[in-house]
Amino acid sequence: IILGRYPNGPPLKTVTDRGYAVAIVYAGDLVPDDRHAAAPALARLYGPSTAPGGALAAWAWLYSELGQVLTREPGLANTPVVAWGHSRSGKAALLAGAIYPDIAGVIAHQSGRGGAALTRGSVGERLDQIIAEYGFWFTPRYATYAGREAAIPVDQHQLLALIAPRPVLLGAGNR
C-alpha cells in the first residue's frame, strides 16, 4: 500500500464505468525486464550493434504500436490513446508521449529517475544506482553521466515539454 491504491494499474472498474476502454500490454514480451534476457531481444530489434535506445525505447514504441492497432478496431477509430505506466512503464509512457504524436496523453505514476525526476536532481535513486541495476533500460550514453549529472545536456523537464500540448499527469505521492 506504500505506493498508493493503484500502483500497478488504473482503477479499471471506475475507468470502464465511465465509458473508457483499457488495453494492457506486457512489454516484457517484447524486451524482457532482465539485463541478461534483454540483450538478445534488443539485438533482434536494433541489430547486433549496441542497442541505441535500450528497453525503454522499445517499450515506448510498443505503446505507439498498440495505439495504432486499437484505433483500427471498429468503434475505436479516432479515439485518443493515453499511455499509462508505473515506474519503468511510466518512464516508457513518458518517452512514448514525447516521441510518438499519436499518443494523445500520458499518465506516469512514480516514474522516478529516467522518467519525470530530474537527472540533475538529488531526490530519489542516483543515476549510478539505476544504471548499475537497470542500465539496459537506457541508451548507453545515459550511463556516461553517472557521477557527473550536472553535465547532462538535457534533463527530464525537457522530455515532459516534448509531450506538450498534450496532457500529462504525473503521480508521485503515496496516497
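The values are calculated or read from the model by the stated rules, or taken from the named source; none is laboratory data. All values derive from a computational prediction rather than experimental measurement. Please note: Cβ atoms are built from the backbone with ideal geometry, for glycine as well, and neighbour counts cover all protein chains shown. In case anyone asks, the SASA skips ligands and DNA or RNA and just uses the protein heavy atoms, side chains included. Shrake-Rupley method; radii C 1.70, N 1.55, O 1.52, S 1.80 Å.
What the table below lists for this structure:
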item: When residues of the range 52-74 are limited to those that are without any contact (Cβ under 8 Å) to a residue 40 or more places away in the chain and assigned to a loop (DSSP other than H, G, I, E, B), the one least open to solvent (accessible area, probe 1.4 Å); result: Thr71
item: Criterion (touching a Lys or Arg at 6+ places or on another chain (Cβ under 6 Å) and not aromatic (Phe, Trp, Tyr)) met by exactly one of Gly115, Gly147, Gly135, Gly121; result: Gly115
item: Wholly within the range 80-172, helices (runs of 4 or more DSSP H) carrying at least 2 residues that are touching a residue at least 12 places away in the same chain (Cβ under 8 Å), farther than 20 Å from Arg35 by Cβ and open to solvent by less than 80 Å² (accessible area, probe 1.4 Å); result: 88-99, 156-163
